[in-house]
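What follows is a single structure, written as structure tokens, with notes after it.
The values are calculated or read from the model by the stated rules, or taken from the named source; none is laboratory data. Small disclaimer: the values here were computed from a predicted structure and weren't measured. Methodologically, a virtual Cβ is constructed for each residue, glycine included, from the backbone with ideal geometry; neighbour enumeration extends over all protein chains shown. When the accessible area is computed, the model is the full protein with side chains, heavy atoms only, and any ligands, DNA or RNA have been set aside. Shrake-Rupley method; radii C 1.70, N 1.55, O 1.52, S 1.80 Å.
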Amino acid sequence: MSEKPFLSIIMPVYNAEQYLKESISSILNQQMQDFELILVNDCSTDNSGKMCDDFAEEDERIVAIHLEKNGGAGNARNVGICNSKGEYITFVDSDDFIEKDIYELARQTIEKKMLDMVVWGITEEYYDKMGKCYCKNRLYLEDQVCAEIEEIKDLIIQMEEKTLFGYQWNRLYRAEIIKKNNIQFEKVVLYEDYFFNLKVVRCISNMAILSNCGYHYMKRTNGSITTRFVPEYFELSTRRIETMYQLYCDWNYCNANVKNILGQRYLRYILAAITKSFDHQSGFDKTKRKELIREIVTSNIYKEVSKHCNVKGILNVLRKALNNQNEFLCLQMGRIVWIMREKASKRFNRIRKYK
């Protein structure tokens with residue numbers, strides 16, 4: 001391995017023995033071979049730690065780090081960043097896999113013009129409890145290079161609209177930018193990637209988009225954070241919208257299109273929050289659900305981005321109900337969606353419009 005490889009690939013590992021070999025193999029089979037792979041074992045209780053050591057013994061480009069205390073994926077990524085040597089940094093989750101040409105395409109794009117960040121598309125794969133893939137979804141934007149900050153401002157909100165902004169594993173970051181600005185992952189249960197990227201885009205001056213969907217994001221139902229009840233869901237979802245809104249205010253670029261996209265996204269989170277309030281784990285009763293509705297309609301962020309945004313279908317009905325403070329209709333909509341999700345989860349995942 002070269003003293004300073006082109007790319008540092010950081011993989012947090014926690015109880016991933018079932019998927020780890022496939023994930024690491026997809027990295028080792030890359031066309032672009034000038035990389036180091038940093039495996040950060042986050043106190044796994046299965047055979048993952050030994051597998052990390054075995055891979056490190058077989059390939060000098062692989063480094064296995066074993067943490068003494070479980071700190072979550074964000075902390076593991078921070079440890080990986082601190083130990084990285086590459087000119088660029090990327091991440092891979094230990095239960096996902098990547099197609100063999102994605103890093104080579106990114107490297108070729110960077111060679112044409114030294115870039116601060118390269119972003120590519122993703123392929124979402126949905127799996128049922130039996131491990132069978134029942135749905136695939138490709139998310140991407142067309143190939144483009146943004147050499148000016150004004151272009152970046154337009155592109156970031158497009159990425160958010162396509163739900164491509166809030167991930168860390170579908171991009172290469174210039175390592176110098178992350179380390180010089182001490183950008184780290186926060187310890188939060190949701191959106192740590194999103195908040196990380198918000199810090200990064202404040203520091204970049206150019207970037208590129210690849211339409212390639214070579215990262216395969218495996219969405220399973222086996223207890224992942226996206227499939228269980230999270231008490232902080234609405235608080236963090238609101239912060240997600242507020243921080244993106246603040247970014248565009250700071251850029252003096254918070255135009256009608258930005259507000260509309262953020263407003264649409266926030267309405268999806270609102271509907272999801274109302275829906276989740278019917279989960280028996282939420283502890284919500286009718287009174288608390290009504291309090292939630294009142295909190296939403298009186299908040300500044302709702303008034304700024306969602307109250308007058310352009311939406312269709314169920315979200316338009318929800319927006320009108322919120323604007324009219326029709327608590328009954330808002331709660332009935334949440335109840336119906338909850339029943340749909342519980343009774344027809346596969347079909348719901350195919351047609352859902354929010355996360």
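Go through (1) in contact (Cβ under 8 Å) with a residue 12 or more places away in the chain; (2) out of contact with any Ser or Thr (no Cβ under 9 Å at 6 or more places or on another chain); (3) open to solvent by 70 Å² or more (accessible area, probe 1.4 Å); (4) farther than 29 Å from Asn310 by Cβ for Met130 and report which single condition fails.
(1)
So which residues in the range 44-81 are under 20 Å from Leu7 (Cα atoms) and β-branched (Val, Ile, Thr)?
Answer for the range 44-81, where residues must be under 20 Å from Leu7 (Cα atoms) and β-branched (Val, Ile, Thr): Ile62, Val63, Ile65, Val79, Ile81.
Among the residues of the range 26-46, is there at least one that is over 29 Å from Arg107 (Cα atoms), hydroxyl-bearing (Ser, Thr, Tyr), touching a residue at least 24 places away in the same chain (Cβ under 8 Å) and touching a helix residue (DSSP H, G or I) at 6+ places or on another chain (Cβ under 7 Å)? Give the derivation first.
Residues of the range 26-46 over 29 Å from Arg107 (Cα atoms): 42-46.
Cutting the leftovers down to hydroxyl-bearing (Ser, Thr, Tyr) gives us 44-45.
With touching a residue at least 24 places away in the same chain (Cβ under 8 Å) added as a condition, the list becomes 44-45.
Keeping just the survivors that are touching a helix residue (DSSP H, G or I) at 6+ places or on another chain (Cβ under 7 Å) gives none.
Taking every residue of the range 26-46 in turn, none turns out to be over 29 Å from Arg107 (Cα atoms), hydroxyl-bearing (Ser, Thr, Tyr), touching a residue at least 24 places away in the same chain (Cβ under 8 Å) and touching a helix residue (DSSP H, G or I) at 6+ places or on another chain (Cβ under 7 Å).
Does Ile102 satisfy the condition of being within 15 Å of the chain's Cα centre (by Cα), hydrophobic (A, V, I, L, M, F, W, C) and crowded, with 20+ Cβ neighbours inside 10 Å?
Working: within 15 Å of the chain's Cα centre (by Cα): no; hydrophobic (A, V, I, L, M, F, W, C): yes; crowded, with 20+ Cβ neighbours inside 10 Å: yes.
Judged against the criteria, Ile102 is not a match.
Is it fair to say Cys309 is open to solvent by less than 40 Å² (accessible area, probe 1.4 Å), outside any helix (DSSP H, G or I) and either among the polar types (S, T, N, Q) or over 19 Å from Leu190 (Cβ atoms) (or both)?
Working: open to solvent by less than 40 Å² (accessible area, probe 1.4 Å): yes; outside any helix (DSSP H, G or I): yes; either among the polar types (S, T, N, Q) or over 19 Å from Leu190 (Cβ atoms) (or both): yes.
The answer is yes for Cys309.
Of all the residues that make up the range 27-47, how many are under 22 Å from Asn83 (Cα atoms) and open to solvent by 10 Å² or more (accessible area, probe 1.4 Å)?
6
Among the residues in the range 276-289, are any closer than 24 Å to Gly313 by Cβ, touching a Cys at 6+ places or on another chain (Cβ under 9 Å), in a helix (DSSP H, G or I) and open to solvent by less than 10 Å² (accessible area, probe 1.4 Å)?
So the first thing to find is which residues in the range 276-289 are closer than 24 Å to Gly313 by Cβ, and the list is 276-279, 289.
In the following step, the residues that additionally are touching a Cys at 6+ places or on another chain (Cβ under 9 Å) were identified as 289.
If we keep only those that are in a helix (DSSP H, G or I) too, we end up with 289.
Checking which are open to solvent by less than 10 Å² (accessible area, probe 1.4 Å) leaves us with none.
There is no residue in the range 276-289 that is closer than 24 Å to Gly313 by Cβ, touching a Cys at 6+ places or on another chain (Cβ under 9 Å), in a helix (DSSP H, G or I) and open to solvent by less than 10 Å² (accessible area, probe 1.4 Å).
Where in the range 128-213 are there strands (runs of 3 or more DSSP E), lying fully within it, with 3 or more residues that are in contact with a strand residue (DSSP E or B) (Cβ under 7 Å, 6 or more places away or on another chain) and within 29 Å of Pro5 (Cα to Cα)? If you could, list the steps in order and put the result at the bottom.
Numbers: elements: 133-139, 144-146, 171-174.
Of the strands (runs of 3 or more DSSP E) lying wholly inside the range 128-213, those with at least 3 residues that are in contact with a strand residue (DSSP E or B) (Cβ under 7 Å, 6 or more places away or on another chain) and within 29 Å of Pro5 (Cα to Cα) span 144-146, 171-174.
Determine, yes or no, whether Ile314 is surrounded by 18 or more Cβ atoms within 10 Å (Cβ to Cβ) and of a type in the set (A, V, I, L, M, F, W, C). Even if it seems obvious, please write down each step before you answer.
Numbers: surrounded by 18 or more Cβ atoms within 10 Å (Cβ to Cβ): no; of a type in the set (A, V, I, L, M, F, W, C): yes.
In short, no.
Cβ-Cβ under 7 Å, sequence separation 6+ or interchain: first residue in the range 230-248 and in a helix (DSSP H, G or I), partner among the β-branched types (Val, Ile, Thr) and buried (at least 17 other Cβ atoms within 10 Å of the Cβ). Which pairs?
From the range 230-248, the pairs are Thr238/Ile301; Ile241/Ile301; Ile241/Val305; Glu242/Ile301; Tyr245/Ile301; Tyr245/Val305; Tyr248/Val258.
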